[in-house]
Amino acid sequence: MSIIKIKFLFLFLPFFCFASSIQAAESANFHLAGGGAGVFYIRQDYGEATFSQFAPEVVVYGYMPIFSRFWFRPGFRLNYSWIQPDMPQGLQIKETDLRYMLETGLVFDWIILPSLSYAFGFTYRNTTLVTNYPIVSVNDSVSGSENIFYSHVQLGIGFPILSGFIVIEPFGRFVMVQNDYRFKWAYGLETTFQIF
């Protein structure tokens, strides 16, 4: 079995688990939630210096009890980043990243809601070489688009409001992007609302 097939197998495994959870929705213990987040990716673009790249994010979660106070939390995430570090006016490389991920995680139901999750998917990256005066033309071998394998491990602490109808969750992420070692860490804040 090729590496690509193995990646797709692991990518869609949480989806099948999530679909099974939806079938169990007739049980009062199954819950669905959705919301948004603001993520700051820490990129190492300047040697030892770093650049914070903001990405708004949409998230959908399913919650299903597994044992005691532990809940299984599969999910789907979609975010987009476009902000670039400072570059010379005459020659710039602009990147936009559309990230789409499936996620699997565990949540502990307590006064607060600590969680540990793993997300994996792809980044659809569009790269454009932009020139301005005094540079008139350049041999452009940079521009193009590609799908890059992406994953992260996330640790969060949720704060339930209105008996868990709203959950505000600050989080930190360890980020892994295939063949792009500028990304290592990210942090952010998400807010989700219970749908049912």
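So if I check each of N132, N179, which one is open to solvent by 90 Å² or more (accessible area, probe 1.4 Å), at pLDDT below 95 and not hydroxyl-bearing (S, T, Y)?
Working: N132 fails: open to solvent by 90 Å² or more (accessible area, probe 1.4 Å).
Every option except N179 fails the conditions.
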>> Where the second residue is assigned to a strand (DSSP E or B) and among the basic types (K, R) and the first is under 21 Å from P56 (Cα atoms) and lies in segment 88-105, which pairs have Cβ atoms under 7 Å and are six or more apart or on separate chains?
In response: E95/R125; D97/R125; M101/R77; E103/R77
>> Given (1) open to solvent by less than 30 Å² (accessible area, probe 1.4 Å); (2) closer than 27 Å to P114 by Cα; (3) over 15 Å from the mean Cα position of the chain (by Cα), identify the lone condition not met by P74.
In response: (3)
> Here are some residues: S52, S141. Which one is among the hydroxyl-bearing types (S, T, Y), free of Cβ contacts under 8 Å to residues at least 40 places away in the same chain, exposed (fewer than 14 other Cβ atoms within 10 Å of the Cβ) and not in a strand (DSSP E or B)?
Replying inline: S141
> Is there a residue in segment 117-125 that is modelled with pLDDT of 95 or more, open to solvent by 60 Å² or more (accessible area, probe 1.4 Å), outside any loop (DSSP other than H, G, I, E, B) and not hydrophobic (A, V, I, L, M, F, W, C)?
Replying inline: yes
> What residue, of W110, W185, is of a type outside the set (D, E, K, R), within 25 Å of G36 (Cβ to Cβ) and loosely packed, with under 13 Cβ neighbours inside 10 Å?
Replying inline: W110
>> Of everything in segment 166-176, what is open to solvent by 10 Å² or more (accessible area, probe 1.4 Å) and of a type in the set (A, V, I, L, M)? Give them in sequence order.
In response: I166, V167, I168, M176
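The values are calculated or read from the model by the stated rules, or taken from the named source; none is laboratory data. Being a predicted model, the structure only gives us computed values, none of them experimental. We place every Cβ from the backbone using ideal geometry, glycine too, and count neighbours over all the protein chains shown. These accessible areas exclude ligands, DNA and RNA; they are computed on the full protein's heavy atoms, side chains included. Shrake-Rupley method; radii C 1.70, N 1.55, O 1.52, S 1.80 Å.
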